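The values are calculated or read from the model by the stated rules, or taken from the named source; none is laboratory data. All values derive from a computational prediction rather than experimental measurement. Because the Cβ atoms are built from the backbone with ideal geometry, glycine has one as well, and the counts that use them run over all protein chains shown. Ligands, DNA and RNA are excluded from the accessible area calculation, which covers all protein heavy atoms including side chains. Shrake-Rupley method; radii C 1.70, N 1.55, O 1.52, S 1.80 Å.
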Amino acid sequence: MIDRVNIWARRVPVWLIYLVGALPAPGLFYLGLIGELGADPIKAIEHQYGELALQLLIAGLAVTPLRRHIGLNLLRFRRALGLLCFFYVTCHLLVWLVLDVQILGQIIADIFKRPYITLGMASFVVMLPLALTSNGASVRRLGRRWQKLHRLTYVAALLGGLHYVLLAKGFQLEPLLYLATIIVLLCTRLRWPHLRRLVG
């Protein structure tokens with residue numbers, strides 16, 4: 001079964017992942033314009049973009065464990081997932097900056113005063129160099145340093161998960177499940193010798 005899925009995955013063009021992954025962005029914006037996203041469409045769009053970014057980030061983190069533990073090879077799609085994640089993070093940020101807050105002084109104050117916004121901005125800053133170096137030329141130029149740089153994905157994922165948890169008002173299960181999934185996926189990357197060094 002896994003071999004069959006791997007054969008199918010090799011036949012899927014990567015550009016199709018970009019196309020299908022980007023389609024919700026204009027679709028959600030249009031729904032907001034025509035009043036289909038409730039009483040506060042700006043907040044709804046902002047939330048949906050952020051949640052899509054987190055889902056894509058989790059999908060990207062899952063690629064290595066899936067290949068390592070069950071043999072499912074989706075490695076050729078990981079760059080697309082990462083760039084789509086950054087695209088939705090940028091959309092999420094732009095909606096907050098341009099449509100929601102709008103006032104520069106308030107934006108700066110919120111970044112420093114509200115922990116969930118601080119964590120969200122930190123995640124964006126960490127992801128920025130990853131997006132800028134997600135190309136073949138950067139891989140060749142940076143060599144082994146490229147892999148070390150892109151381990152910042154783990155930091156960005158944790159910051160993004162914490163951002164969602166702190167953003168939620170009161171106890172909400174969904175943000176906690178996202179954060180727990182991120183932590184589990186990161187733990188799958190720990191080899192037993194590394195784990196023994198951490199706890200020993």
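Once backbone amide H atoms are built at 1.01 Å from N, Leu72 has Arg67 as its partners under 5 Å, excluding neighbours fewer than 5 places away on the same chain. Normalising the Debye intensity of segment 54-195 to I(0), with uniform scatterers on Cα atoms only, and taking log10 at q = 0.10, 0.13, 0.15 Å⁻¹ returns -0.38, -0.64, -0.83.
Ordering Ile182, Tyr88, Val139 by Cα displacement along the dipole of the chain toward the positive end leaves Val139 in first place; charges were set at the Cβ atoms of Lys, Arg (+1) and Asp, Glu (-1). Semi-axes of the equivalent ellipsoid for segment 110-193, computed as √(5λ) from the eigenvalues of its C-alpha gyration tensor and ordered from largest down, come to 27, 18, 9 Å.
Would you tally the net charge around Asp40, using a Cβ to Cβ cut-off of less than 13 Å, leaving Asp40 out, and scoring K and R as +1, D and E as -1? Before the final figure, lay out each step's value.
Working: positive: Lys43; negative: Glu36, Glu46, Asp100.
Neighbour charge sum, excluding Asp40 itself: -2.
Measuring nothing but how far apart in sequence close Cα pairs (under 8 Å, 6+ apart) lie, relative to its length, segment 43-148 scores a relative contact order of 26 percent.
Of the GluC sites (Glu not before Pro) found in segment 1-104, those that fall in a DSSP loop while having at most 11 other beta-carbon atoms within 10 Å are Glu36. Under a Gaussian network description of the chain, with springs only between Cα atoms under 10 Å, the residue in Val14, Val89, Val101 that fluctuates furthest is Val101. For the set Cys91, Cys187, the ranking by accessible area, highest first and with no ligand, DNA or RNA atoms included, is Cys187, Cys91 under a 1.4 Å probe.
If you take the Cα centroid of segment 39-99 and the Cα centroid of segment 1-32, the two points sit 12 Å apart.
Structural descriptor for segment 88-194: relative contact order 24 percent, calculated from alpha carbon pairs under 8 angstrom and at least 6 residues apart.
Can you tell me, using C-alpha contacts under 8 Å and at least 6 residues apart, the relative contact order of the chain as a whole percent?
Details: 171 pairs, mean separation 40.4, N = 200.
It rounds to 20 percent for the chain.
The alpha-carbon of Lys43 sits under 18 angstrom from the alpha-carbons of these lysines, leaving out residues fewer than 8 places away in its chain: Lys169.
Calculate, for segment 1-119, the solvent-accessible area per residue in square angstrom, rolling a 1.4 angstrom probe over the heavy atoms of the protein chains. Present the calculation step by step, with values, prior to reporting the outcome.
Values: 7050 Å² over 119 residues.
Normalised by residue count, the accessible surface of segment 1-119 is 59 Å².
Sequentially through segment 181-189, phi angles give Karplus couplings (6.51, -1.76, 1.60; θ = phi - 60°) of 4, 4, 5, 4, 5, 5, 5, 5, 7 Hz, Gly and Pro residues having no value and appearing as x. Look at the dipole of segment 1-47 built from charges on Cβ: of Leu23, Ala39, Met1, the Cα furthest out on the positive end belongs to Met1.
Over segment 96-200, with every protein chain in place, what whole percent of the accessible area is carbon and sulfur at 1.4 Å, could you tell me? Write down the numbers at each step before the final one.
Details: 4780 of 7040 Å².
After summing per-atom areas, the C and S share lands at 68 percent.
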